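To start, the structure itself, in structure tokens.
The values are calculated or read from the model by the stated rules, or taken from the named source; none is laboratory data. Worth saying up front: this structure is predicted, and the values here are computed from it rather than measured. Here the Cβ is made from the backbone with ideal geometry for all residues, glycine too, and neighbour counts use every protein chain on show.
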Amino acid sequence: MEISNWHELLSLVNVDKDLSKDNVIEKIQNELKRYSKEYEEWKKSGFDINYVFKDGEKVTLLHLAASCNLENIVNALIEKGANVNEKGAREETPLHETTHLKSINIANVLIKKGADVNSIDMWGETPLCGAVLCDNMVMVDVLIKKGADVNVVDTLRRTPLHWAALRGNMVMVDALIKKGADVNSVDMCGETPLHYLNRPAIKKGQIAAGAATLLGAAIAVALFAARTVTAEFIPIVIAVVAITVAALTVGSVTYKLLKPNTKVDGVAVLTNVHEESASITL
């Protein structure tokens, strides 16, 4: 079941004027009956509110509602007892799923109800990392004010500042530094954020080069996680992928990374890249 199907289904529930914590599960059940596989799967769990669906996004209803910016369902599910820190198959929490949203309402609700702003997913990324990758300054401000660690490192030993530099987002870079980001933090490739900012491609704002670096990093993480390569080979993987992508047209790269998805910002991009690179071998 695709995220677009979930979005359509849950949107119908979200606009129901009678929606409440007492009937949210029943209303979702009624709509989900159109998708018998997912319905029967959920039924076997006793319609557990925190059930992680096995197909598609592999997350809970709260993840899905948060990702689709469906505030009414989010509130009803939380009031019903949904776990705001439940993790999906990629170890992401519902808060991770809000980082592409321009509205901060759902993020604020989740945090108020106890969502961990420093929870990490399978790539070691916190919601702050996701917001930086989405160039979502409003969300970055909210997360930092709520205690997000600006110097958290992911599986590539990169901080949010590294990723802001890689994206060439000087406004984000400046904001993170003012919030205490370590400009001398060294990643797995031996690079500091300033190293990336000084690269010609970054200075010129060439998005294709940035996409190549992100793609190489994503593939390297997938290979390392699958134990296909060891840590010392990760810089090589990143370099090879960057060269390959640089040879492609911007249009084809954009299409490859931004394939149809309701989440068209950084989070969705990285998710897609991770998923597609899992089967790659050297």
Enumeration of residues in the range 1-53 that are in contact (Cβ under 8 Å) with a residue 40 or more places away in the chain and hydroxyl-bearing (Ser, Thr, Tyr): SER4, SER11, SER20
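Among the residues of the range 110-133, how many are crowded, with 19+ Cβ neighbours inside 10 Å and farther than 16 Å from ASP174 by Cα?
Here the count works out to 11.
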Check on ASP141, acidic (Asp, Glu), touching a residue at least 12 places away in the same chain (Cβ under 8 Å) and in a loop (DSSP other than H, G, I, E, B): no
Test result for SER20, more than 26 Å from ASP154 (Cα to Cα), of a type in the set (Ser, Thr, Tyr) and in a helix (DSSP H, G or I): no
Residue match in the range 139-159 (condition: modelled with pLDDT under 95, of a type in the set (Gly, Ala, Ser) and surrounded by fewer than 22 Cβ atoms within 10 Å (Cβ to Cβ)): no
For VAL221: the one exception among (1) among the aliphatic types (A, V, I, L, M); (2) modelled with pLDDT of 50 or more; (3) in a helix (DSSP H, G or I): (2)
Pick from the range 1-17, criterion part of a loop (DSSP other than H, G, I, E, B) and hydrophobic (A, V, I, L, M, F, W, C), ranking: farthest from LYS58 (Cα to Cα): VAL15
Residue match in the range 23-30 (condition: surrounded by fewer than 14 Cβ atoms within 10 Å (Cβ to Cβ) and either small (Gly, Ala, Ser) or modelled with pLDDT under 95 (or both)): no
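Quick one: is ILE106 in a helix (DSSP H, G or I) and under 24 Å from ALA89 (Cβ atoms)? Steps first, answer last, please.
Working: in a helix (DSSP H, G or I): yes; under 24 Å from ALA89 (Cβ atoms): yes.
In short, yes.
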